[in-house]
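Chemist: Got a structure for you, written out below as structure tokens; questions coming shortly.
The values are calculated or read from the model by the stated rules, or taken from the named source; none is laboratory data. Here the structure is a predicted model, which means the values were calculated and not measured. Neighbour counts run over all protein chains shown; Cβ positions are idealised from the backbone, glycine included. To get the accessible areas, we keep the full protein, side chains included, count just its heavy atoms, and leave off ligands, DNA and RNA. Shrake-Rupley method; radii C 1.70, N 1.55, O 1.52, S 1.80 Å.
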Amino acid sequence: MKRIAVLLVEDHTIVRQGLRLLIEADGDIEIVGEAKTGREAVQMTAELRPEIVVMDIAMPLLNGLQATRQILKSFPETKVLILSAHSDPEYVEQVVKAGAKGYLIKQSSGEVVAKAIRELQKGKTFFTPSIAKRLHEEYQKSPDGVGLQKKGDTELTSREAELLQLIAEGHVNKQIASELGISIKTVEKHRQHLMEKLNIHDIAGLTRFAIASGIIESSVQSTIAQDAPSK
């Protein structure tokens, strides 16, 4: 029997190893690769072409949300299952918009994660019950049937969100240029455009916006000074 090919994306090694053991327990699912960052997830999806990507949201360099968008843009046949510690509406909303087909909280058992993988492989969706209920309620309340839409939010492009995450994580322009494969001058141009778009003109403000938007977790910033240099 052909096993379901899964890419596992989680930045904590112990969690990732434990998930692998749980997911592969029944024998019909194979972990074909493991990634520690969203950027690795995008690269490994291109190399391995897994059927399912099990994705954490909060990761360095490129978070799971942006990685999901990039993966589905290039490989729309791939199914993404989000496995996160967060269950608040803001995270769920962003995941649904990004195109993920499932969302589980990390308290879920290995059996539930495996079941979700199988359901996604069949072309179905799978959400933690409390989240599925909320999605249904929001859909019912929405006059146009779309649900979970917030009016007036500033929409960032995938590149803008990626840049914002790197800035908020404390990377300087030279590091950002290296990570994104662009020139320092281009980074400076993108940074200026981002600040103008958000009407935020300091690193501390960008960091707060990134945290509030779910682009990074507040814990990521615990060691970064409020007056971090902009260059």
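Chemist: Quick test for you: out of 228, 210, pick the one residue that is closer than 22 Å to residue 59 by Cα, of a type in the set (A, V, I, L, M, F, W, C) and at pLDDT below 55.
Modeler: 228
Chemist: If I filter the range 116-165 down to residues being closer than 26 Å to residue 38 by Cα, aliphatic (A, V, I, L, M) and open to solvent by 30 Å² or more (accessible area, probe 1.4 Å), which single residue comes out as modelled with the lowest pLDDT?
Modeler: So, considering only residues that are closer than 26 Å to residue 38 by Cα, aliphatic (A, V, I, L, M) and open to solvent by 30 Å² or more (accessible area, probe 1.4 Å), the one modelled with the lowest pLDDT is 148.
Chemist: List the residue pairs whose Cβ atoms are under 6 Å apart, where the first residue sits in the range 1-17 and is farther than 17 Å from residue 43 by Cβ, the second is charged (D, E, K, R) and open to solvent by 20 Å² or more (accessible area, probe 1.4 Å), and the two are 6 or more positions apart or on different chains.
Modeler: 3/28; 3/30; 4/51
Chemist: Shifting gears a bit: Can you pull out every residue in the range 179-195 that is assigned to a helix (DSSP H, G or I), open to solvent by 30 Å² or more (accessible area, probe 1.4 Å) and either at pLDDT 90 or above or touching a Gly at 6+ places or on another chain (Cβ under 9 Å) (or both)?
Modeler: Of everything in the range 179-195, those that are assigned to a helix (DSSP H, G or I), open to solvent by 30 Å² or more (accessible area, probe 1.4 Å) and either at pLDDT 90 or above or touching a Gly at 6+ places or on another chain (Cβ under 9 Å) (or both) turn out to be 184, 185, 186, 188, 189, 190, 192, 193.
Chemist: Taking the range 30-65, which residues are in contact with a strand residue (DSSP E or B) (Cβ under 7 Å, 6 or more places away or on another chain) and either of a type in the set (Lys, Arg) or surrounded by fewer than 22 Cβ atoms within 10 Å (Cβ to Cβ) (or both)?
Modeler: Matches in the range 30-65: 30, 31, 32, 33, 34, 44, 48, 51.
Chemist: Hey, another quick one. In the range 36-62, how many are in a strand (DSSP E or B) and at pLDDT 95 or above?
Modeler: Total satisfying the criteria: 3.
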